[in-house]
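What follows is a short report on a single structure.
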2 protein chains.
Amino acid sequence: MLTLKTSDTDFEAKFARVVNGRRESGADTARTVSEILTKVRDRGDEALAEMTARYDGYHLTDDESWRIGPEACHAAFAALDPVLREALELAADRIRAYHTDQLPGDRDFTDTAGVRLGARWRAVDAAGLYVPGGRAAYPSSLLMNAIPAKVAGVERLAVVTPTPKGAVNPLVLAAAHLVGIEEIWRVGGAQAIGALAYGTRRIKPVDVITGPGNAYVAEAKRQLYGVVGIDMVAGPSEILVIADSKNDPDWIAADLLSQAEHDPTSQSILITDDPAFAEQVEDRIDVQCSMLSTQRTARKSWDDHGVMLIVSDFAEAPALANRLAAEHVELAIDDPEAMFAELRHAGSVFLGRYTPEAVGDYVAGPNHVLPTGRRARFASGLSVLDFMKRTSFISMDRAALGKIGPAAIALAEAEGLPAHAHSVKVRLS
Amino acid sequence: MLTLKTSDTDFEAKFARVVNGRRESGADTARTVSEILTKVRDRGDEALAEMTARYDGYHLTDDESWRIGPEACHAAFAALDPVLREALELAADRIRAYHTDQLPGDRDFTDTAGVRLGARWRAVDAAGLYVPGGRAAYPSSLLMNAIPAKVAGVERLAVVTPTPKGAVNPLVLAAAHLVGIEEIWRVGGAQAIGALAYGTRRIKPVDVITGPGNAYVAEAKRQLYGVVGIDMVAGPSEILVIADSKNDPDWIAADLLSQAEHDPTSQSILITDDPAFAEQVEDRIDVQCSMLSTQRTARKSWDDHGVMLIVSDFAEAPALANRLAAEHVELAIDDPEAMFAELRHAGSVFLGRYTPEAVGDYVAGPNHVLPTGRRARFASGLSVLDFMKRTSFISMDRAALGKIGPAAIALAEAEGLPAHAHSVKVRLS
């Protein structure tokens with residue numbers, strides 16, 4: 001853990017290192033992924049079966065072995081503890097409501113020149129959803145990816161998920177049942193992303209791929225961007241908590257640890273104006289950490305990447321927060337609204353002392369797939385828009401063309417494109 | 001040029017080759033671009049100067065030599081022919097109006113559980129705009145990229161453009177003046193994209209890069225996706241004209257040629273139900289082509305990539321059009337509205353006989369930067385959204401947390417994330 005004070009003379013240099021610190025994978029991953037994708041493109045299912053045997057210790061043989069059927073998902077859902085089932089249903093309902101409200105409106109109007117203009121939104125035909133196995137096999141991720149796609153109107157949703165040595169996560173299957181997913185393939189890693197993008201004999205290609213994954217999955221999506229649409233390239237997760245000393249240090253410690261327990265590469269940052277409060281939080285982190293089943297991960301994340309930023313005045317905080325452009329920002333201060341107005345770059349903001357980030361991960365409604373690694377400077381969280389595209393349209397009669405056509409002729413000729421000019425002229429002559 | 005009839009027995013195989021035909025660059029470009037980007041990242045301005053000397057024959061030496069100043073742009077604008085100036089102004093006004101109407105609304109509401117939820121849109125801080133030199137140095141492209149950024153509220157707009165042997169395009173400078181661009185750098189190619197993404201001593205990094213370019217520029221944007229935001233990866237341009245025999249073949253020939261004259265890799269496709277009409281169009285293409293100053297390009301594009309698709313009935317057309325997912329689609333038929341309703345995938349649609357695609361390139365208002373190479377399946381034209389990002393937010397009091405918090409606790413515990421659960425529990429105990 002690193003403690004920085006804005007009053008230190010070397011603060012800027014040290015803070016710049018925090019801002020520019022990369023916790024992401026590099027060139028080796030890119031090369032490996034490129035090779036995997038080529039194999040899948042060239043040899044399809046055969047390459048998938050080889051790699052799934054090698055990496056997941058799972059053998060894809062007969063038709064049955066490739067897929068997890070709706071019956072298995074239904075059984076997993078039926079076997080859920082009722083408390084958990086209700087929690088999943090509440091989460092799904094709230095996520096659905098928030099994303100339905102997000103649906104974009106079409107436009108269609110005729111302007112004063114008599115030109116009819118507009119834009120029409122449509123869902124993509126098919127979306128692929130990656131669901132990790134192992135450490136990050138979260139049913140909440142399945143809800144957060146599948147529900148926006150369903151709300152957008154996507155007709156085909158194909159899930160890919162690794163099943164190491166055949167193991168499946170019943171909670172994920174239950175969530176798949178809840179949102180009505182019928183196509184689940186037992187493949188994972190970069191090879192699964194390749195199969196969704198290029199298509200194989202068994203797996204039809206999709207138009208958009210979303211969902212979290214390890215560094216190989218993220219790199220595969222990056223390399224296939226353009227062949228398919230993807231959600232934002234995702235890196236390790238992060239939280240920035242801006243908290244004054246009126247907070248219970250226990251609450252703030254819990255919030256920082258909730259990010260740290262995700263992964264050793266996660267990052268938790270506290271901005272406060274009171275060094276004594278920072279020390280209390282640090283003490284509570286030590287105490288709470290020792291009680292967590294995830295303590296090894298949380299401890300490593302906090303030790304390696306945790307940061308305490310001590311400001312002289314909270315007026316300094318927005319500028320620092322904007323440079324960090326964090327995925328999650330908690331404002332546990334008296335007037336969160338005023339500070340929120342000054343934040344330009346953040347994935348999602350949690351206002352006030354009773355809004356811990358974890359509610360956003362599960363049940364609040366907004367998407368928990370958010371831009372990481374300072375990408376909130378230019379990117380947004382997952383939404384129905386990621387599963388839709390817009391077609392603009394133009395309609396004119398002769399009178400309207402007569403009004404604006406001559407300007408098009410002048411510009412086309414000036415750009416040295418005579419056929420462009422002619423296509424207007426020929427209709428006006 | 002290729003003629004296909006849906007009634008031919010081998011139609012499906014031949015059409016599939018048209019759909020899957022790639023007119024884009026491959027692995028060699030990727031490697032070269034990767035090397036260029038590494039040089040720019042590691043050696044900044046020095047690498048830019050070296051490559052600009054080598055590729056553009058232009059020497060970047062003193063401060064003056066790096067930039068084109070606002071005075072030069074103002075002078076170019078002042079020197080414009082009045083007809084051209086009015087055409088540029090009409091185009092800018094119409095593009096501005098269409099894109100202003102596109103600005104997304106913020107959301108802020110409190111639901112029945114007492115949870116306040118919302119989303120807030122903000123512009124990115126800085127956008128970089130690539131403007132090609134040479135063949136495709138179009139002032140219209142500058143308007144189509146810069147105006148949405150300005151409308152979105154982007155504060156800094158940096159233009160990069162190659163100036164081979166020092167040559168600048170006065171029309172582009174005039175357009176830059178018209179839209180109020182003050183930062184223009186005389187660098188181009190993949191190296192210019194690298195400079196905008198990584199930043200150099202002279203050129204500050206930007207958050208989003210848009211604008212057309214050659215295969216190297218497109219590949220550089222693709223490789224830097226995630227470091228910065230980019231507009232869709234762009235390939236060669238294309239048009240699909242769906243026209244019945246009631247059209248004047250001269251008009252349709254002109255529309256097909258207006259696409260073909262862009263580049264030898266452009267593609268023009270006609271769908272009609274009348275073989276005799278197709279032959280008339282082909283004749284008119286030959287006649288018109290011989291009169292074009294762009295005939296060499298247009299001829300090569302039409303010969304190499306042109307397609308005539310003869311359908312037995314126009315009812316077959318929407319399915320074919322959806323598979324082609326073309327950048328531009330003209331519907332020169334009696335009831336364009338009915339066919340438009342069946343189109344799922346298209347960048348922009350031009351309805352009726354008096355709406356030639358060229359008006360969309362210049363003055364109609366919608367953006368002319370559109371998804372190519374079947375990417376309309378999942379991507380949209382450039383819009384103000386490409387220069388903005390959305391921050392979601394959540395605000396709760398103790399009562400609201402009491403209502404939805406327990407479900408978050410149940411899900412966090414089921415996912416094996418105890419610190420997540422604790423951060424909610426500690427506030428409710």
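Here, each number is a calculation from the coordinates, and none is a lab measurement. Because the structure is predicted, anything quoted here is derived from the model rather than measured. Cβ: placed from backbone, ideal geometry, glycine included. Neighbour counts: every protein chain shown.
Summary of computed values
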| quantity | calculated |
| --- | --- |
| Residue of B:358, B:79, B:376 that the Gaussian network model of chain B assigns the largest fluctuation, springs spanning Cα pairs under 10 Å | B:79 |
| Counting DSSP beta bridges with both ends in chain A, the antiparallel % (nearest 5) | 30 |
| Region B:320-379 - Rg and Dmax from Cα coordinates, angstrom | 11.1, 29 |
| Alpha-carbon spread of the protein assembly as shown, three principal axes, descending order, Å | 84, 66, 48 |
| Shape call, region B:386-429: gyration tensor on alpha carbons, a/c limit 1.5 | oblate |
| Over the protein assembly as shown: helical MRE at 222 nm, DSSP H runs n ≥ 4 each giving -39500 (n - 2.57), nearest 500 | -14500 deg cm²/dmol |
| Sequence of A:237, A:429, A:65 once ranked by neighbouring C-beta atoms within 10 Å, starting from the fewest | A:429, A:65, A:237 |
| ³J(HN,Hα), Karplus 6.51/-1.76/1.60, whole Hz, each residue of region B:359-374, x for Gly, Pro | 5, x, 5, 10, 10, 5, x, x, 6, 9, 8, 10, x, 10, x, 6 |
| Cross-link table A:5/B:403; A:5/A:246; A:165/A:221, entries beyond 28 Å C-alpha to C-alpha | A:5/B:403 |
| 7 Å along Cα→Cβ, label-point gaps from residue B:8 to other copies, nm, shortest first | 7.2 |
| Binned Cα-Cα distance frequencies in region B:237-380 - 10 Å width, integer % | 13, 46, 36, 5 |
| Partner chain coverage, peptide A:394-405 - average Cβ within 10 angstrom | 6 |
| Stokes-Einstein D (µm²/s) once Rh is taken as the Kirkwood radius of region B:67-207 over alpha-carbon pairs, at 4 °C in 1.567 mPa s | 78 |
| Principal semi-axes in Å for region B:302-428 [√(5λ), Cα gyration tensor, largest first] | 51, 18, 15 |
| Closest-to-axis residue of chain A (Cβ criterion, axis taking A to B), whole Å | A:225, 3 |
| Charge dipole (the protein assembly as shown, unit charges on Cβ, about Cα centre) - positive-most of B:339, B:194, A:181 | B:194 |
| Teacher prompt: residue B:248 distances to equivalent labels in other copies, 7 Å Cα→Cβ, nm | 8.0 |
| DSSP beta bridges in region A:27-230 [antiparallel fraction, %, rounded to 5] | 30 |
| Residue mean of other protein chain beta carbons inside 10 Å, A:342-353 | 5 |
| Over chain B - Rg/Rh using Cα atoms and the Kirkwood inverse-distance radius | 1.05 |
| Longest exposed-site-free window of chain A, the sites being trypsin sites (Lys or Arg not before Pro) in a DSSP loop that have at most 14 other C-beta atoms within 10 Å | A:247-429 |
| Cα-based Rg of region A:100-154 normalised by 2.2 N^0.38 Å, two decimals | 1.76 |
| Distance histogram in 10 Å bins (all Cα pairs of region B:1-93, percent per bin) | 12, 19, 16, 24, 20, 10, 1 |
| Of B:157, B:331, B:292, the one that fluctuates the most in a GNM where chain B has Cα springs shorter than 10 Å | B:292 |
| Shortest-first distances to equivalent copies, position residue A:156, nm, label 7 Å out along Cβ | 4.5 |
| Under 5 Å, built H, 5+ apart or other chain: amide partners of residue A:229 | A:208, A:209 |
